[in-house]
Amino acid sequence: MPELNQLYQLVTIADAGTISKAAEWIHISQPALTRSIQKLESEWEVALFNRKKNKVVLNKTGELAVQYARRILNDVENMTKVIQAYEKSLRTISIGSCAPGPTFRLYPLLAERFPGMTISSEMRESDVLLPELEKNTYQIIITEYPVEAPDILCRKFCTEDLFLTVPPAHPLANKSDGIFLEDLAGETMLLYHEIGVWQNLTKTKMSQTNFILQDQDDAFHALMQVSALPAFVSNLTLEHTKRPQNRLVIPVLDPEAHITFYCSVHKSNKSFLPE
């Protein structure tokens, strides 16, 4: 029975082109690598290489062996990932979300219902969330549309409403009843960089607005407190952080400024689905 390291060595020789270069790549001596491959040939009772003076080349049997070795190594790698993900899922609730806001509401709900579990989240594009849910990378996903798939349960979770926040002395402060995104053309605004699906809004509806991007959530909120620049908040971020001091919060009236989010889980994780 071949060992995995022998299969890895065989594939490395095929990729490197020579045994000497393969030995360099995997940091062993050339004689040691040669002996390992010779042992493999002996166990299989086949020749994997055509050996010529100063040159060793894979023969047809060796090429077939490399194909199977790659497949086996890939299967082992995938098996390792699946097993690690499963082990993690037993003690961790992993959330994949297309936007940050819904996780602010979901976190405390899960923490209350599953006090012994670790909760983690990351933001991904919506089109990759379902495949990752099916692979158990995530136990819960949040998308901006309902998910329909076999063995998947989906439920409407929350709606995020966008607001503009400005100091009372700002020229836009007189639009306290509501503002349209087109009213922000030519303005310079603070914008948190990691906003997920909301990024589409800034590209499609706000091409004439200038943004100063902030990568850190704490830095963004601190700068918003001392700056006169407009910035966005939402009903969900206001639940998560303190309402900005000395600033007005103005509703954004565009239909696109209101997104309904959906939570989806595999049927085996039905208990994680929020009520």
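The values are calculated or read from the model by the stated rules, or taken from the named source; none is laboratory data. All figures in this text were calculated on a predicted structure; none of them were measured in a lab. Positions of Cβ are generated from backbone atoms using ideal geometry, with glycine treated the same way; all protein chains shown enter the neighbour counts. Areas reflect the complete protein model, heavy atoms only, side chains present, ligands, DNA and RNA absent. Shrake-Rupley method; radii C 1.70, N 1.55, O 1.52, S 1.80 Å.
Laid out as a table, the results:
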{"quantity": "Antiparallel content of DSSP bridges confined to the chain, in %, to 5", "calculated": "60"}
{"quantity": "Gain in span if fully extended, ASN50 to GLN199, counting 0.36 nm per residue against the direct Cα distance", "calculated": "47.9 nm"}
{"quantity": "Kirkwood hydrodynamic radius of the chain, from inverse mean 1/r over distinct Cα pairs, in Å", "calculated": "23.1"}
{"quantity": "Built amide H within the under 5 Å cut-off of THR159, gap 5+", "calculated": "PHE261"}
{"quantity": "Extension gain from TYR68 to GLN30, taking 0.36 nm per residue of separation minus the Cα-Cα distance", "calculated": "11.3 nm"}
{"quantity": "Fraction of accessible area attributable to carbon and sulfur, the chain (%, probe 1.4 Å)", "calculated": "52"}
{"quantity": "Qualifying lysines (Cα of each under 16 Å from Cα of LYS88; at least 8 residues distant if same chain)", "calculated": "LYS135"}
{"quantity": "Sum of -39500 (n - 2.57) over DSSP H runs of 4+, divided by residues of the chain (222 nm, nearest 500)", "calculated": "-13000 deg cm²/dmol"}
{"quantity": "Cα-based reach from LYS39 at 19 Å (exclusive), listing aspartates and glutamates while leaving out same-chain residues under 8 positions away", "calculated": "GLU3, GLU63"}
{"quantity": "Orientation-averaged projected area, Cα convex hull of the range 33-169 (nm²)", "calculated": "17.1"}
{"quantity": "Helix 217-226 vs. the chain, principal-axis angle (Cα, 0 to 90°, nearest 10)", "calculated": "30"}
{"quantity": "Note, ³J(HN,Hα) from phi for the range 172-177, Karplus 6.51, -1.76, 1.60, rounded to Hz, x at Gly and Pro", "calculated": "7, 5, 6, 9, 5, 7"}
{"quantity": "Gain upon complete extension [ALA111, GLU256; 0.36 nm per residue less C-alpha separation]", "calculated": "49.1 nm"}
{"quantity": "0 to 90° range, to nearest 10: angle between helix 101-113 axis and the chain longest Cα axis", "calculated": "80"}
{"quantity": "Loop-located trypsin sites (Lys or Arg not before Pro) in the range 1-79 whose Cβ has at most 14 other Cβ within 10 Å (DSSP)", "calculated": "LYS53"}
{"quantity": "Folded to 0 to 90 degrees: helix 4-16 orientation relative to the chain principal axis, Cα", "calculated": "90"}
{"quantity": "Packing-based order for 98-110, 114-126, using average beta carbon neighbours within 10 Å, highest first", "calculated": "98-110, 114-126"}
{"quantity": "Long-range amide H partners of PHE211 with built H, under 5 Å", "calculated": "MET189"}
{"quantity": "Per residue value of the accessible surface for the chain (all protein chains in place, 1.4 Å probe), Å²", "calculated": "57"}
{"quantity": "Kirkwood Rh in Å, taken over all unlike Cα pairs in the range 52-119", "calculated": "16.3"}
{"quantity": "Vicinal HN-Hα couplings computed from phi for the range 117-132 (Karplus, 6.51 cos²θ - 1.76 cosθ + 1.60; Hz; Gly/Pro x)", "calculated": "9, 8, 10, 10, 8, 8, 9, 9, 5, 4, 5, 9, 5, 4, x, 6"}
{"quantity": "Debye intensity ratio in log₁₀ form over the Cα atoms of the range 156-275, taken at each q of 0.09, 0.10, 0.20 Å⁻¹", "calculated": "-0.28, -0.34, -1.16"}
